[in-house]
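S.K.: The structure's right below; bear with me while I get my questions together.
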Amino acid sequence: MQKDLFNNDMPAKPFLKWAGGKKQLIKEIESRLPQEIKDSKKIDKYFEPFVGGGAVYFYLMANYKVKKSYLYDVNKELILTYNVIKFNPKELIEELKGLSEEYLHKKNDKRSEFFYNIRNSFNENLKTFDFENYDESHAKRAAQIIFLNKTCFNGLFRVNRNGEFNVPFGRYKNPKILDKDNIISVSKVLKDTEIVCSSYEKSKKLIDENSLVYLDPPYRPLSNTSYFNNYSEFAFNDHEQIKLSEFYKEISLKGAKVIMSNSDPKNENKDDNFFDDIYNDFNIDRVLAKRSINANGKNRGNISELIIYNYDI
Ligand SMILES: C[S@@+](CC[C@H](N)C(=O)[O-])C[C@H]1O[C@@H](n2cnc3c(N)ncnc32)[C@H](O)[C@@H]1O
């Protein structure tokens with residue numbers, strides 16, 4: 001039985017639904033990869049300094065031969081979950097199996113009660129949880145993160161400024177709380193990947209001329225009321241965007257191939273040249289993407305997004 005569990009060859013895919021997930025931009029990004037990577041299907045060193053749910057990372061791992069990867073994010077719950085999947089997939093599967101069986105056997109209002117009990121316990125434990133020193137409590141917390149992500153409203157993981165998970169219950173009929181095959185596939189894929197809980201700047205010292213870097217920072221809000229970049233305690237305002245453009249220039253000077261996605265302020269104001277100005281040394285393409293354009297996620301439309309890269313294609 002154990003043998004079967006670890007023998008699946010399914011490509012790994014994101015294990016959490018994440019705000020700003022890039023699934024639908026993958027083809028646009030792939031078509032703009034450096035030519036030698038497209039031809040050889042090989043990547044020496046891959047960096048994703050704002051990894052989130054990792055849609056682009058998992059796609060590349062499934063379709064290219066990647067020697068070594070480095071993932072960074074400031075969200076410590078997210079990085080904890082990556083690390084538990086990497087080092088303790090079996091414990092995580094056991095924890096999720098327990099949560100899933102208990103939840104799916106309940107009727108709707110009992111499910112909601114169970115959801116809020118898990119959410120309270122998750123938020124309560126935050127005060128004393130030791131993120132630094134790994135022990136078995138980490139698998140339990142990772143299972144709670146995945147459980148909350150799969151059963152909450154809109155299926156997103158979002159915390160408030162105090163780091164508390166604050167998304168309400170979502171009424172899904174049959175959520176896939178435990179995806180055993182994918183956890184095993186993700187665990188295998190992560191073996192040659194360094195996962196770091198830190199701000200993107202930390203990746204700078206490891207990036208060199210053999211590196212491909214994909215940057216997907218929190219989006220600059222489309223309007224003052226948009227809440228798109230509120231999903232972490234860390235704000236990403238214009239000042240942060242300018243600092244990131246300096247980082248972009250520094251790693252470009254090191255010879256790295258760098259590709260970035262970002263929001264296009266021209267959706268709202270055609271005279272807003274913010275990114276055109278700060279990335280004027282680089283190639284900027286505008287592509288169309290389907291996005292929710294208001295807070296409740298209902299109003300979806302085609303909007304333009306930016307892909308900025310520092311090499312010729
Ligand atoms: C747009 S999301 C990335 C989405 C991802 N590409 C996907 O497909 O799911 C941006 C991510 O950057 C993280 N973040 C915010 N500030 C950061 C910083 N200073 N350094 C590294 N990560 C940061 C957020 O926690 C979030 O996960």
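S.K.: Hey, if you put +1 on the Cβ of every Lys and Arg and -1 on every Asp and Glu Cβ in the chain, which of Thr151, Asn210, Leu16 ends up farthest toward the positive end of that dipole?
M.R.: Comparing the listed Cα positions along the dipole, Thr151 ranks first.
S.K.: Are there GluC sites (Glu not before Pro) in region 84-141 that DSSP puts in a loop and that have at most 13 other Cβ atoms within 10 Å, and which ones?
M.R.: Numbers: sites: Glu91, Glu94, Glu95, Glu101, Glu102, Glu113, Glu124, Glu132, Glu136; in loops: Glu132, Glu136.
Passing sites in region 84-141 are Glu132, Glu136.
S.K.: Follow-up question, since we're still on this one. Beyond 27 Å, how much of the Cα-Cα pair distribution for region 53-182 remains, as a whole percent?
M.R.: Beyond 27 Å sits 20 percent of the P(r) for region 53-182.
S.K.: Counting alpha carbon pairs within less than 8 Å and at least 6 residues apart, what relative contact order, in whole percent, applies to the chain?
M.R.: Once divided by the residue count of the chain, the mean separation gives 22 percent.
S.K.: I've got another one for you. Where the centroid of each part is defined by its Cα atoms, how far is region 38-98 from region 202-218 in Å?
M.R.: Taking the Cα centre of region 202-218 as reference, the centre of region 38-98 is 15 Å away.
S.K.: Starting from the Kirkwood Rh over alpha-carbon pairs, what translational D in µm² s⁻¹ does region 1-112 have by Stokes-Einstein at 20 °C and 1.002 mPa s?
M.R.: The estimated diffusion coefficient comes to 130 µm²/s.
S.K.: Mind putting a number on the dipole of region 80-181 about its Cα centre? Charges go on the C-beta only, +1 for Lys and Arg and -1 for Asp and Glu, and I need it in Debye to the nearest 20.
M.R.: About 560 debye.
S.K.: Any chance you could get the radius of gyration and Dmax over the Cα atoms of region 75-150, in Å?
M.R.: Values for region 75-150 (Cα only, Rg and Dmax): 12.5, 38 Å.
S.K.: Debye sum, Cα scatterers, the chain, no solvent: what log₁₀ I/I(0) at q = 0.07, 0.12, 0.15 1/Å?
M.R.: Normalising to I(0) and taking log10 leaves -0.28, -0.85, -1.30.
S.K.: Another question, then. Place +1 on the Cβ of every Lys and Arg and -1 on the Cβ of every Asp and Glu in region 32-135, take the dipole about the Cα centre, and give the residue among Tyr57, Phe115, Tyr82 whose Cα lies farthest towards its positive end.
M.R.: My answer, from the dipole projection, is Tyr57.
S.K.: Quickly work out the Lys270-to-Lys180 label distance, labels modelled 7 Å from Cα along the C-beta direction, and quote it in nm with one decimal.
M.R.: Simple spin-label model gives 5.7 nm for this pair.
S.K.: Now a separate question. Counting only DSSP beta bridges with both residues in the chain, what percent are antiparallel, rounded to the nearest 5?
M.R.: Given both bridge residues lie in the chain, the antiparallel proportion sits at roughly 50 percent.
S.K.: Quick one: Thr81, Thr128, fewest Cβ neighbours within 10 Å first, how do they rank?
M.R.: Numbers: Thr81 26, Thr128 7.
Least to most surrounded, the residues fall as Thr128, Thr81.
S.K.: Too long at a 26 Å Cα-Cα cut-off: which of Lys67/Lys257; Lys13/Lys140; Lys23/Lys180; Lys13/Lys266?
M.R.: From Lys67/Lys257; Lys13/Lys140; Lys23/Lys180; Lys13/Lys266, over 26 Å: Lys13/Lys266.
No value in this document is a laboratory result; all are computed from the given coordinates. As the structure is a prediction and not an experimental result, all values here were calculated from the model. FYI the Cβ positions are ideal-geometry reconstructions off the backbone, even for glycines, and counts take in every protein chain you see.
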